[in-house]
1. Which ones in region 70-85 are touching a residue at least 12 places away in the same chain (Cβ under 8 Å) and more than 22 Å from Arg33 (Cβ to Cβ)?
2. Within the group Pro67, Pro97, Pro106, which residue is surrounded by 10 or more Cβ atoms within 10 Å (Cβ to Cβ), more than 25 Å from Leu32 (Cα to Cα) and modelled with pLDDT under 75?
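The values are calculated or read from the model by the stated rules, or taken from the named source; none is laboratory data. For clarity, every value in this text was computed on a predicted model and none was experimentally measured. Neighbour counts run over all protein chains shown; Cβ positions are idealised from the backbone, glycine included.
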Amino acid sequence: MNEINPLTKALGHLFWPNQMTPRPAGAPTDWLRFARWAAAALTALTTGIQLIVWAMICAVTQSIDSPWWLWTAVPGVIVTAFLSWMLNTREQLGIEPPADRPEPRPAKNPLA
């Protein structure tokens, strides 16, 4: 009865990053890890949309113009890299998540 759907097993870590990794009861939510995931997802989504729009422009005008505006993806990559650096060096930075107060558990996944 507690079997996880195979699709949820395969793709669940992309859509529910905090729910697919079991945490001990009372463990704090890792908001820094979630922020990195959100920044990477937003960057990938906006870059994908830009590539689709560029491909449509190329198809309509029948010329390949250099996509200079794809540089707008760079800030998202920089933010994601910065958050990854913070995750890797959080012991030295002293930003460990507080373990003294437990946060509520996330809502149960409706697809599980």
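1. Of the residues in region 70-85, the ones touching a residue at least 12 places away in the same chain (Cβ under 8 Å) are 70, 72-73, 76-77, 79-80, 83-84.
Residues satisfying the conditions are Leu70, Thr72.
2. Numbers: Pro97 fails: more than 25 Å from Leu32 (Cα to Cα); Pro106 fails: more than 25 Å from Leu32 (Cα to Cα).
When all the criteria are applied, what remains is Pro67.
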